[in-house]
1. Looking at segment 86-101, can you tell me whether even one residue there is out of contact with any Leu (no Cβ under 8 Å at 6 or more places or on another chain) and closer than 18 Å to THR75 by Cβ?
2. Taking THR84 as the residue in question, decide whether it is open to solvent by 30 Å² or more (accessible area, probe 1.4 Å) and either of a type in the set (Val, Ile, Thr) or more than 14 Å from the chain's Cα centre (by Cα) (or both).
3. Would you be able to tell me the number of residues in segment 120-132 that are open to solvent by 10 Å² or more (accessible area, probe 1.4 Å) and in contact (Cβ under 8 Å) with a residue 24 or more places away in the chain?
4. Determine which single condition VAL79 fails, assuming it passes every other condition in (1) assigned to a loop (DSSP other than H, G, I, E, B); (2) at pLDDT 95 or above.
5. How do the pairs read when you match residues in segment 135-157 that are of a type in the set (Phe, Trp, Tyr) with residues anywhere that are surrounded by fewer than 16 Cβ atoms within 10 Å (Cβ to Cβ) and in a helix (DSSP H, G or I), using Cβ under 7 Å and keeping only pairs 6 or more apart or on different chains?
Amino acid sequence: METSVAGLAIAAVLFLQFSVNSSCSATGSLPSRNTNIEYIKTTCYNTTLYPKLCYHTLAIYASTIETNPKLLASTALNVSLRNTYSTSRLMKRVSKPPVLEPRVAAAMLDCTEEVGDSVYELQRSMEEMGQADGSRFSKAMSDVETWVSAALTDDDTCLDGFAEEIMDKKVAAIIKRHVQRMARLTSNALALVNRFASTQASLP
């Protein structure tokens, strides 16, 4: 399962990179690394709710993203998917009795199911992102937005399950921190997906 999730995400991004780079090769030299990084930073700060997290998690892929909005959005989805899958595995490990108290365990069970759904939805969004070309663009991007929005809803529902009165519990606090990061990465990915979809839709 771990291999298939990671493989799907990486393969999708590499496919998108190959497609875009092939079309760019005839138009001239690629932008410099500094230009690529500045593009990512500017876009993150102008588009997302968590720009610092966006920039720090995507800048390391500057040579892949270059200044391409599709690669930026797809890489953000890739990062979100891998983080969500990692969080899902963590939750499954720590949710087994007798590690947790009953109230925390109940919240963990619900949250684990929600995060599992989020993994699936982000996988589907990556698949659709790979189809977002030509006559299929509008339909594919609508599906991507739907899947990522569903994943974000699941992340938020998971967080809502942790009542304030149990947040002083050590394990619950650790899980909440991981889930918050997961939700913020998904939020950033959705913002970049929406930006890419609207930008391309406005082109003649």
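1. Yes - at least one qualifying residue is present in segment 86-101.
2. Answer is no for this residue.
3. Result for segment 120-132: 4.
4. Of (1) assigned to a loop (DSSP other than H, G, I, E, B); (2) at pLDDT 95 or above, only one is false for VAL79: (1).
5. From segment 135-157, the pairs are PHE137/GLN200.
Here's the yes/no breakdown for (1) free of Cβ contacts under 8 Å to residues at least 12 places away in the same chain; (2) crowded, with 18+ Cβ neighbours inside 10 Å; (3) hydrophobic (A, V, I, L, M, F, W, C):
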| position | (1), (2), (3) |
| --- | --- |
| ASN34 | yes, no, no |
| ILE40 | no, yes, yes |
| THR43 | no, yes, no |
| LYS52 | yes, no, no |
| HIS56 | yes, no, no |
| ASN68 | no, yes, no |
| LEU71 | no, yes, yes |
| SER74 | no, yes, no |
| MET91 | no, yes, yes |
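The values are calculated or read from the model by the stated rules, or taken from the named source; none is laboratory data. All of these numbers come straight from a predicted model, not from anything done at the bench. Backbone-built Cβ (ideal geometry, glycine too); neighbour counts: all protein chains shown. Ligands, DNA and RNA are stripped out before the accessible areas are found, and what is left, the full protein with its side chains, is counted by its heavy atoms. Shrake-Rupley method; radii C 1.70, N 1.55, O 1.52, S 1.80 Å.
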